[in-house]
1. For region 28-49, which residues satisfy the criterion of being free of Cβ contacts under 8 Å to residues at least 12 places away in the same chain and within 10 Å of the chain's Cα centre (by Cα)?
2. Residues of region 1-49 being at pLDDT 95 or above and not in a helix (DSSP H, G or I), which ones?
3. Might you check whether a residue that is farther than 17 Å from residue 35 by Cα, part of a helix (DSSP H, G or I) and either touching a residue at least 24 places away in the same chain (Cβ under 8 Å) or in contact with a strand residue (DSSP E or B) (Cβ under 6 Å, 6 or more places away or on another chain) (or both) occurs anywhere in region 60-83?
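The values are calculated or read from the model by the stated rules, or taken from the named source; none is laboratory data. All values reported here derive from a predicted model rather than from experimental measurement. We place every Cβ from the backbone using ideal geometry, glycine too, and count neighbours over all the protein chains shown.
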């Protein structure tokens, strides 16, 4: 019984790990669609989800890309001031 539970836990972990990149891929497509429609708040919200997921999975390069794009979109909403973007980046670091 214990072996069965261990096997099921490992199988569930593998399924979850494989589902995450596909989920992020769909989120990236949603970000692109929001950018195309000129919706920076929507894009920023999706990028936050990508950032969190990528960090959990140890995909640091993807997390940095999502962070940089998110800060750019949030900065655009706040008046597109470079100092606002720098402040947000420092807060994240």
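1. If the condition is that a residue be free of Cβ contacts under 8 Å to residues at least 12 places away in the same chain and within 10 Å of the chain's Cα centre (by Cα), then 45 is the only one that fits.
2. Those that are at pLDDT 95 or above and not in a helix (DSSP H, G or I): none in region 1-49.
3. yes
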